[in-house]
Amino acid sequence: MNATPSSSLASSPVSDLEAYWMPFTANRQYKSKPRLLSRASGMYYETPEGRRILDGTAGLWCVNAGHGRPEITQAVARQLEVMDYAPAFQMGHPIAFELANALVKITPKGLDHVFYTNSGSESVDTALKIALAYHRVKGDASRVRLLGRERG
């Protein structure tokens, strides 16, 4: 299926499911009987057939304020009109610094720096690298052992 995102795509059935290999999913079983979501509003998803489903996990913890909130949509649209992305390598954007300062004001004393990441795995990877670099700077470069949970 050669498709471009459109409003009609969200409500039409998908004719070919092979190209997308879904994470944490038994793909063969899923693709034999797919469960598709076509829209979301507030705290509900909607299927292509119009059935509402409660989003009990907030889109896997990334839409805690709910789906399609007009005030969030408007704020995102305003920012996209100004700048959609600013690289953090040797450059910056004033709003990134404003947010960092606002976060530092509400964190416990001593937590006075912010490092932005894009995902949980990137956050963990970065935190480990920061911890190793901290010990190197403090003269204890031999501290390299990390503890983790099995299958964590």
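In whole percent, what relative contact order does the chain give with Cα contacts below 8 Å and a gap of six or more residues? Intermediate values should be presented prior to the final figure.
Details: 77 pairs, mean separation 14.4, N = 152.
Result for the chain is 9 percent.
Run the quick spin-label model on ALA26 and ALA96: label points 7 Å from Cα toward the beta carbon, then report their separation in nm to one decimal.
With each label placed 7 Å out from Cα toward Cβ, I get 4.4 nm.
Exposure proxy check: TYR45, TYR85 ranked by fewest other beta carbons within 10 Å? Provide the component values of the computation, followed by the final result.
Values: TYR45 17, TYR85 7.
By the 10 Å Cβ count, ascending, the order reads TYR85, TYR45.
What angle do you read, to the nearest 10 degrees and between 0 and 90, between the alpha-carbon axis of helix 120-137 and the longest principal axis of the chain?
Taking Cα atoms only, the helix is inclined about 10 degrees.
Whats the longest run of the chain with zero trypsin sites (Lys or Arg not before Pro) that are DSSP loop and have at most 15 other Cβ atoms within 10 Å?
Values: sites that count: ARG35, ARG51, LYS109, LYS138, ARG143, ARG145, ARG149, ARG151.
Longest site-free region, per DSSP loop and neighbour criteria: 52-108.
From the square roots a ≥ b ≥ c of the eigenvalues of the alpha-carbon gyration tensor of region 7-61, which class results: rounded (a/c under 1.5), prolate (a/b over b/c), or oblate? Intermediate results must be reported in sequence, preceding the final value.
Values: a/c = 2.13, a/b = 1.29, b/c = 1.64.
Oblate shape, in that a/c is at least 1.5 and b/c is the bigger or equal ratio.
Quick check: from the Cα gyration tensor, does region 85-137 come out rounded (a/c under 1.5), prolate or oblate?
Values: a/c = 1.73, a/b = 1.20, b/c = 1.45.
Oblate shape, in that a/c is at least 1.5 and b/c is the bigger or equal ratio.
For the chain, what number of Lys pairs, 8 or more residues apart or on separate chains, have alpha-carbon atoms under 26 Å from each other? Write down the numbers at each step before the final one.
On the way: LYS105/LYS129; LYS109/LYS129; LYS109/LYS138; LYS129/LYS138.
Total qualifying Lys-Lys pairs in the chain comes to 4.
Going by alpha carbons, how many degrees (0 to 90, nearest 10) lie between the helix axis of 70-82 and the longest principal axis of the chain?
It is inclined by approximately 60 degrees.
What's the longest bit of the chain with no exposed GluC sites (Glu not before Pro), using DSSP loop states and at most 11 other Cβ atoms within 10 Å as the test? Please report the intermediate quantities before stating the final value.
Values: sites that count: GLU18, GLU49, GLU150.
Formally, the longest exposed-site-free interval is 50-149.
With each pseudo-label sitting 7 Å past Cα toward Cβ, what's the GLU122-ARG35 distance in nm, one decimal?
2.9
Among ALA75, ALA133, ALA102, whose mean-square fluctuation peaks in a Gaussian network model of the chain (Cα, cutoff 10 Å)?
Residue with maximal mean-square fluctuation among ALA75, ALA133, ALA102: ALA133.
Just so you know, all these numbers are worked out from the coordinates, no wet-lab data involved. Predicted, not measured: the structure shown is a model, and the values here were computed from it. Note that each Cβ is placed from the backbone with ideal geometry, even for glycine, and that neighbours are counted across all protein chains shown.
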